[in-house]
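A.B. asks: One structure is given below, represented as structure tokens, and several questions about it will come after.
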Amino acid sequence: MPLDPLTLSGATGSVLNRPKAGADGGAGAGGGFGEALGRLIDGVEQSSANANTAVTGMMEKTGDVHDAMIALQREELSLQLTVQIRNKFVSAYQEIMRMPI
């Protein structure tokens, strides 16, 4: 199931609210946030794969045009969300680099 960019949730629940993995309960350095970003990127990749499958099905006349268009829109929204998150990270990094020591 593709990642829903409006709620940041996939088939198994919220990307940012899932329990952290690890023997220490997720209290390790950077595990939770890094894992959330990894799941977000995996969701974008899955959304892209679903869109490709839907378009291929449409071209082979085994799928519906509407399903293909919906899959393409979901993929586009997921990608736009990922790009905006990246832009926020770059902006935060640049702001930190401008801080005096």
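A.B. asks: I want the local charge near Thr56. Using Cβ-Cβ distances under 15 Å, sum +1 for each Lys or Arg and -1 for each Asp or Glu among the other residues.
C.D. replies: Result for the local shell: -3.
A.B. asks: Show the residues, 5+ positions off or on another chain, whose built amide H is closer than 5 Å to the amide H of Gly63.
C.D. replies: Met58
A.B. asks: Shifting gears a bit: Using the count of nearby Cβ atoms within 10 Å as a rough guide to exposure, how do Val55, Val44, Val83 rank from fewest to most?
C.D. replies: Arranged by neighbour count, lowest to highest, Val55, Val44, Val83 become Val83, Val55, Val44.
Since every read-out is calculated from the coordinates, none of them should be taken as a lab result. From a predicted model like this one, the values you see are computed outputs, not experimental measurements. Every residue, glycine among them, receives a Cβ derived from its backbone with ideal geometry; neighbour counts consider all protein chains shown.
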